[in-house]
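K.L.:
Here's a structure for you.
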Amino acid sequence: MKIRRAAPADLDAIMEIHLKGWLLAYDQFLSEEQIGEMRPAKRRPVWEKLLADPSALILVGAVGEAIDGFLLGGPVKEHEITEGSLFGFDCEIYSLHCRKEVQGQGLGRGLIAAAAAHWRGEGRRALVLWAYADNAWRRFYEKIGGKVVAHGLDDGVPDVAYGWRDLAPLIDNKSARIAPKPLVF
């Protein structure tokens, strides 16, 4: 498994994985308009802006030779919270998607470990991510130690915040290394 920071040349793969990931995980929640907004032609300017944003962390990972997944994160964003609190959390995973063919092979966990190691290196301490309340992938976050810390609404859809108050348990020396320069894979 290889994990590194994303580069502009990775955008097509990221956008493809993002769209397919959304359709796989959130199809029952998405309107035709939302699906249309995910199309690469509409998303490219957003991703280009994110790549240029120093507060955004975008990692890509590969199990084989091509990009198989990505993670997007950064500072904790505002959210409509109906119960609980994000007090004390200082980094957030906004998006994590892996190709269906590699799910269960450790890439998602490796991307999270690499992000946690990066943020700990910046002096951050506690991670949060949001998932739709009816999302089957919530079990994955629970399996890797995430605890429900808040409930909220995302455009009217109930969602749940998972938190890790300590980044150390997420970091595994083998999967937490981020290559300093883009690797060709």
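The values are calculated or read from the model by the stated rules, or taken from the named source; none is laboratory data. Bear in mind the structure is a predicted one, so any value in this text is a computation, not a measurement. Cβ placement follows ideal geometry from the backbone for every residue including glycine, while neighbour counts extend to all protein chains displayed.
K.L.:
Would you call GLY104 on the phi > 0 side of the Ramachandran plot, surrounded by fewer than 15 Cβ atoms within 10 Å (Cβ to Cβ) and under 17 Å from the mean Cα position of the chain (by Cα)?
P.N.:
Details: on the phi > 0 side of the Ramachandran plot: yes; surrounded by fewer than 15 Cβ atoms within 10 Å (Cβ to Cβ): yes; under 17 Å from the mean Cα position of the chain (by Cα): yes.
Answer is yes for this residue.
K.L.:
Now for a different question. What are the pairs, 6+ residues apart or on separate chains, where a residue within the stretch 136-148 that is of a type outside the set (Ser, Thr, Tyr) has its Cβ under 7 Å from a residue that is loosely packed, with under 13 Cβ neighbours inside 10 Å?
P.N.:
Cβ pairs passing all conditions: GLY145/PRO169.
K.L.:
Of the residues SER85, SER95, which is surrounded by fewer than 19 Cβ atoms within 10 Å (Cβ to Cβ), under 28 Å from ASP12 (Cα atoms) and either touching a Cys at 6+ places or on another chain (Cβ under 9 Å) or modelled with pLDDT of 95 or more (or both)? Steps first, please.
P.N.:
Details: SER85 fails: under 28 Å from ASP12 (Cα atoms).
Just one listed residue meets the conditions, SER95.
K.L.:
Looking only at the stretch 105-126, filter to residues that are among the basic types (Lys, Arg) and assigned to a loop (DSSP other than H, G, I, E, B); which one of those is farthest from LEU50 (Cα to Cα)? First the steps, then the outcome.
P.N.:
Residues of the stretch 105-126 among the basic types (Lys, Arg): 109, 120, 124-125.
Narrowing the set further to residues that are assigned to a loop (DSSP other than H, G, I, E, B) leaves 124-125.
Details: ARG124: 20, ARG125: 23 Å.
Residue satisfying both the conditions and the ranking: ARG125.
K.L.:
I would also like to ask the following. For the stretch 152-169, enumerate the residues that are within 18 Å of the chain's Cα centre (by Cα) and assigned to a loop (DSSP other than H, G, I, E, B).
P.N.:
ARG165, ASP166, LEU167
K.L.:
Consider TRP130 against the criteria (1) farther than 27 Å from ARG43 by Cβ; (2) of a type in the set (Phe, Trp, Tyr); (3) buried (at least 16 other Cβ atoms within 10 Å of the Cβ): it satisfies all of them except one. Which criterion is unmet?
P.N.:
(1)
Matching residues to (1) touching a residue at least 40 places away in the same chain (Cβ under 8 Å); (2) exposed (fewer than 12 other Cβ atoms within 10 Å of the Cβ); (3) on the phi < 0 side of the Ramachandran plot:
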position: PRO8; (1), (2), (3): yes, yes, yes
position: ILE35; (1), (2), (3): no, no, yes
position: ARG39; (1), (2), (3): no, yes, yes
position: PRO54; (1), (2), (3): no, yes, yes
position: ALA62; (1), (2), (3): yes, no, yes
position: ASP68; (1), (2), (3): yes, no, yes
position: VAL76; (1), (2), (3): yes, no, yes
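K.L.:
Still on this structure, please answer the following. Could we say that LEU30 is closer than 27 Å to ARG109 by Cβ and at pLDDT 95 or above here?
P.N.:
Numbers: closer than 27 Å to ARG109 by Cβ: yes; at pLDDT 95 or above: no.
When the stated conditions are applied, LEU30 does not pass them.
K.L.:
In this structure, is LEU71 at pLDDT 95 or above and within 14 Å of ALA6 (Cβ to Cβ)? Walk me through how you get there before you give the answer.
P.N.:
Working: at pLDDT 95 or above: yes; within 14 Å of ALA6 (Cβ to Cβ): yes.
It is true that LEU71 is at pLDDT 95 or above and within 14 Å of ALA6 (Cβ to Cβ).
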